[in-house]
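Enquirer: Below you'll find the structure I mean.
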Amino acid sequence: MSDNITIKLAGEDVELVPSFKASEAIQKKFGGLNSATDAVVKLSADNVVAIIAIAADTKGDDALKALHEKVYEAGLVKLRRPLVKYLERLGHGGRDPDTEEDEAA
């Protein structure tokens with residue numbers, strides 16, 4: 001089973017890959033994963049697009065503009081839950097915290 005999160009934008013599946021590189025970039029941009037989560041919960045379109053762009057490795061001005069439009073069409077409320085889940089996986093080493101046993105126990 002993949003630990004990626006899949007969202008649908010403009011009828012296409014977009015894979016959000018929980019990687020160390022994505023975690024670093026998001027933490028640098030937002031000052032931590034909690035701040036990134038707050039931005040998603042507050043339905044900040046620019047920040048939602050930034051997280052998706054990092055997670056899906058989207059680059060280039062045209063691609064980012066298109067991503068903004070796709071996010072708007074999909075709806076910020078609809079994207080909130082999968083993005084929070086994605087950020088939780090980043091905070092858990094890229095793995096789903098709900099399906100993995102606690103190694104510290």
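Enquirer: Tell me, what are the semi-axes, in whole angstrom and largest first, of the equivalent ellipsoid of the stretch 1-91 as set by the roots of 5 times the Cα gyration tensor eigenvalues?
Expert: 18, 14, 13
Enquirer: Starting at the first residue of the stretch 51-63, write each ³J(HN,Hα) from the Karplus equation 6.51 cos²θ - 1.76 cosθ + 1.60 with θ = phi - 60°, in whole Hz, x for Gly and Pro.
Expert: Couplings: 5, 4, 4, 5, 5, 9, 6, 8, 9, x, 4, 5, 5 Hz.
Enquirer: Say a paramagnetic label sat at a point 7 Å from the Cα of Lys28, along Cα to Cβ; which residues of the stretch 36-51 have their backbone N under 17 Å from it?
Expert: Within reach of a label on Lys28: 36, 50-51.
Enquirer: Note the full-extension length gain between Thr6 and His68 as 0.36 nm times their separation in residues minus their Cα-Cα distance, in nm to one decimal.
Expert: Net length gain for the segment: 20.6 nm.
Enquirer: Determine which residues of the stretch 1-32 fall in the zone a paramagnetic label at Lys59 would reach in this model, i.e. backbone nitrogen under 14 Å from the point 7 Å along Cα→Cβ.
Expert: Output list for this probe position: 22.
Enquirer: 5 Å is the cut-off here: which amide hydrogens, built 1.01 Å from N in the peptide plane, fall below it relative to Leu9, excluding neighbours closer than 5 in sequence?
Expert: Long-range HN contacts for Leu9: Val14.
Enquirer: How large is the helix-only mean residue ellipticity at 222 nm for the chain, computed as the sum of -39500 (n - 2.57) over DSSP H runs with n ≥ 4, divided by its residue count, in deg cm²/dmol to the nearest 500?
Expert: Helix-only estimate at 222 nm: -17500 deg cm²/dmol.
Enquirer: Using the number of other C-beta atoms within 10 angstrom as an exposure proxy, rank Glu69, Glu12 with the fewest first.
Expert: Exposure proxy ranking, most exposed first: Glu12, Glu69.
Enquirer: If I take every Cα pair under 8 Å that is 6 or more residues apart in the chain, average their sequence separation and divide by the length, what percent do I get for the relative contact order?
Expert: In percent, rounded to a whole number, it is 35.
Enquirer: In the stretch 40-105, if every C-alpha pair distance is counted and binned at 5 Å from zero, what percent goes to each bin?
Expert: Whole-percent P(r) values from 0 Å outward: 4, 16, 26, 20, 14, 10, 6, 3, 2, 0.
Enquirer: Residue by residue through the stretch 23-31, what is 3J(HN,Hα) from phi via Karplus (6.51 cos²θ - 1.76 cosθ + 1.60, θ = phi - 60°)? Round to whole Hz and write x for glycine and proline.
Expert: Working through the residues one at a time gives 4, 4, 5, 5, 5, 5, 5, 9, x Hz.
Every read-out reported here was derived from the displayed coordinates using simple, explicitly stated rules and does not represent laboratory data. In this text the structure is predicted, and so the values were computed from the model without any measurement. Quick reminder, even Gly has a Cβ in these numbers, built from the backbone with ideal geometry, and neighbours come from all protein chains shown.
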